[in-house]
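Heads up, the thing below is written out as structure tokens.
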Amino acid sequence: MRSVTPALPACCHALRHDWLLPLPLPAVRLASCNFTPERLQDDDPVHLGLTLPDALQTAAAKRRCEYLAGRVCAAAALQQLGGGWQYPPRGSDRAPRWPHGYSGSLTHSHGWAVAVVAHGHHWRSLGVDAERQIAPERAARLARQILVEEEIAHFNRQDPGAAAEYLTLCFSLKESLFKALYPLVGRHFTFSAAAVHLHAAPGQASLELRESLHRDWPRGRSLAGQFARRGEHRLSLIAIAAD
Ligand SMILES: CC(C)(COP(=O)(O)OP(=O)(O)OC[C@H]1O[C@@H](n2cnc3c(N)ncnc32)[C@H](O)[C@@H]1OP(=O)(O)O)[C@@H](O)C(=O)NCCC(=O)NCCS
């Protein structure tokens, strides 16, 4: 663990710590940065003190750079919480292993990385996801893979642009849900496991489980979510409070 912030390589643009979502969550820290894979140098991870997983050593620059940018954001958020500058390693299930006493999540999409981190005694688990706005034609193709019946009914009532926006939000919120719940239920689950309800209040949603995932996460249990438009991206967050 480093006590000071290392110099960032040219592929990572300036770190930001502003809260990008509509509802501030006490004691959650967010870090984000844009990144440019074309500027990645092979020795950037070494200079950062970051070990790439074996499987990524020979990966394309885009994949190495998004991994690096996600870890830089995670380290920056951990540092803001007093955890020092440290990179959560990747587990064999590909989920990040957060330091003992912390929960977190990270995402990267088309040159943008975001991480959220909290103390585990405040927030038991977090899930964050960024998705680029999905085009209407692609949204129509994806709808049946991502949406449950009542969501499809809502999708079909919208004009193509609004339907694509809705699908992108459902997709992102469900990916955030997966990242938040996977560490707690210990298994994979698919998009049919939850239904998204968008609230009248801007940027707020709830997700209702449509399948029992665990005895503590039965069918019918609801989780709060939030989302925001950030340029070409839609960003969502699910935060599960500690008991
Ligand atoms: C794992 C998954 C959620 C990643 O989402 P994505 O949109 O493809 O990619 P993102 O950039 O947003 O997130 C990638 C990061 O998620 C994290 N991640 C991967 N597996 C994870 C898991 N099981 N639990 C929590 N976080 C995980 C990693 O940090 C990864 O980045 P890294 O490989 O650079 O470390 C996605 O690939 C997936 O498997 N989805 C299917 C499951 C699902 O969403 N079901 C819907 C349930 S309603």
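What to note about this one:
- Within region 154-243, strands (runs of 3 or more DSSP E) holding 1 or more residues that are more than 28 Å from G111 (Cβ to Cβ) and near the ligand (Cβ under 10 Å from one of its atoms): 194-198, 204-209
- Residue tally, condition modelled with pLDDT under 95 and either among the polar types (S, T, N, Q) or in contact with a helix residue (DSSP H, G or I) (Cβ under 6 Å, 6 or more places away or on another chain) (or both), over region 1-44: 3
- No other residue among L68, L56, L25, L78 is touching a Phe, Trp or Tyr at 6+ places or on another chain (Cβ under 8 Å), free of Cβ contacts under 8 Å to residues at least 12 places away in the same chain and under 30 Å from H188 (Cβ atoms) apart from L56.
- Just one residue in the set L209, L198, L235 is more than 18 Å from the chain's Cα centre (by Cα), buried (at least 20 other Cβ atoms within 10 Å of the Cβ) and touching a residue at least 12 places away in the same chain (Cβ under 8 Å); that residue is L209.
Results for (1) more than 20 Å from the chain's Cα centre (by Cα); (2) of a type in the set (G, A, S), shown as yes or no for each residue.
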residue: G101; (1), (2): no, yes
residue: V128; (1), (2): no, no
residue: E137; (1), (2): yes, no
residue: R144; (1), (2): yes, no
residue: H154; (1), (2): yes, no
residue: R157; (1), (2): yes, no
residue: E165; (1), (2): no, no
residue: T168; (1), (2): no, no
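- Residue under evaluation V148, criteria (1) closer than 21 Å to L8 by Cβ; (2) at pLDDT 95 or above, criterion not met: (1)
- S32 farther than 30 Å from A201 by Cβ and either surrounded by fewer than 21 Cβ atoms within 10 Å (Cβ to Cβ) or within 16 Å of the ligand (Cβ to nearest atom) (or both): no
- Residues that are of a type outside the set (D, E) and surrounded by fewer than 22 Cβ atoms within 10 Å (Cβ to Cβ) within region 214-225 comprise H214, R215, W217, P218, R219, G220, R221, S222, L223, A224, listed in sequence order.
- Some residue of region 44-52 being in a loop (DSSP other than H, G, I, E, B), in contact (Cβ under 8 Å) with a residue 40 or more places away in the chain and out of contact with any His (no Cβ under 7 Å at 6 or more places or on another chain): yes
- Residue check, E232 in contact with a strand residue (DSSP E or B) (Cβ under 7 Å, 6 or more places away or on another chain) and at pLDDT 95 or above: no
- The set of residues from region 103-119 being surrounded by fewer than 17 Cβ atoms within 10 Å (Cβ to Cβ) and more than 14 Å from the ligand (Cβ to nearest atom) comprises just one member, H119.
- When region 89-102 is filtered for residues that are under 21 Å from S236 (Cβ atoms) and more than 8 Å from the ligand (Cβ to nearest atom), the ones remaining, listed by number, are W98, Y102.
The values are calculated or read from the model by the stated rules, or taken from the named source; none is laboratory data. Model, not experiment: these values are computed from the prediction. Please note: Cβ atoms are built from the backbone with ideal geometry, for glycine as well, and neighbour counts cover all protein chains shown.
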